Amino acid sequence: MSHIEASWTSYLTTFDDQLDDLKARFAEDEFIEFPDFGPREVREALDREIVGLLDKHGLKRRINVSRTGGTPRFMEVVGRNPIAEESELIPGTYHSAALRSFLAEITKAGEILPVPFTPEEMVISRLTEIGETHGWHWDDYSYAFVWIVEGPAPEDGGALEYVRDTAWNKEDPRVEEVLAGGRVERRHPATGSAYLLKADTALHRVAPLAREGARRVILCFSYASPGEMDKAVDHTEVDFYSA
Ligand SMILES: [Fe+2]
C-alpha cells in the first residue's frame, strides 16, 4: 500500500462511528460538508500543491457556456493534465480506494468510480476578483467532492448555491425556469473543509465574489457511479480547462 493510501485508510477510520449520521444527512440534503478534512500533514501538502499549480499553470477564463444557457465562467483554472503530470498526492488521493469506499458508504452508491473520461477527473479553480463566478450548471457525472483551500466569509459572496432534484436538458437547459421553480440552497463551506454534492441532479453555481480581497480556491474531484461508466457525454466544455 502506498503511503498516500495508508494515510487515507487510517484517517477515514475516524469516521466509522459517524457513518449512519453522515449517510442520513447526505440523503436529506444531497450535500455534506466535512470540516477540517484530511490528516493534517497530507492536507497541508495538498493545499500547497493546489496553490503551486495555480501559480504555475492557472488560466484566466472569461466565457459564457451555451450548453448551460449562457451562464458565466469567470475564473482561473488548472485542468486535469498538469495536475496529473506534476502531482503524486492529488491523483493518489483521487484514486484512493479508502476515500472512494468512504464516499460510497455515505452516498449508498454501491461504488464510487473515477469518471470514464479522464479530462473530467479533476480541476482546480481560483476566484479572486469581485464578480468572478462559476455560473449555473449541472455536472456530467453524479458526484463532486470539493476541497476548499480557501473559502470566502459568508458575507463576501462565493457561496455554493444549488437547486436539488433538477434535470439537465442539454439542448434546452432553461436555467432561469428551473431556478424560478425550485428552492435555492446556499452553503458556505469553510477553509480546510471538503464537501460532497450530488452534482448531476443539482443545478449549482459558485455565486459571484462580492468583496474586494475575497478569494475562493478549490480542487474539485468528479466521480461516477457504476451505471455511468458507459454513459454518452458531450465533453465540449472540457476545452475550457486546458490551454
Ligand atoms: Fe459543478
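Quick rundown of the values:
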item	result
Failed condition for VAL146, given (1) assigned to a loop (DSSP other than H, G, I, E, B); (2) within 15 Å of the ligand (Cβ to nearest atom); (3) not basic (Lys, Arg)	(1)
The stretch 185-206 residues that are free of Cβ contacts under 8 Å to residues at least 60 places away in the same chain, paired with ones that are part of a loop (DSSP other than H, G, I, E, B) and within 15 Å of the ligand (Cβ to nearest atom) (beta carbon under 7 Å, 6 or more apart)	ARG186/ALA159; HIS188/ALA159
Number of the condition not met by ASP140 [criteria: (1) within 24 Å of GLU176 (Cα to Cα); (2) surrounded by fewer than 21 Cβ atoms within 10 Å (Cβ to Cβ); (3) within 16 Å of the ligand (Cβ to nearest atom)]	(2)
Which numbered condition MET1 misses (of (1) surrounded by fewer than 16 Cβ atoms within 10 Å (Cβ to Cβ); (2) assigned to a loop (DSSP other than H, G, I, E, B); (3) in contact (Cβ under 8 Å) with a residue 40 or more places away in the chain)	(3)
Positions within the stretch 119-137 being away from the ligand (no atom under 15 Å from the Cβ), outside any strand (DSSP E or B) and not small (Gly, Ala, Ser), in sequence order	THR128, GLU129, ILE130, GLU132
Those residues of the stretch 99-117 which are surrounded by 18 or more Cβ atoms within 10 Å (Cβ to Cβ) and among the aromatic types (Phe, Trp, Tyr), in sequence order	PHE102
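Taken together, the values in this text are just the output of simple stated rules run on the coordinates, not laboratory data. These figures come from a predicted structure and were not determined experimentally. Methodologically, a virtual Cβ is constructed for each residue, glycine included, from the backbone with ideal geometry; neighbour enumeration extends over all protein chains shown.
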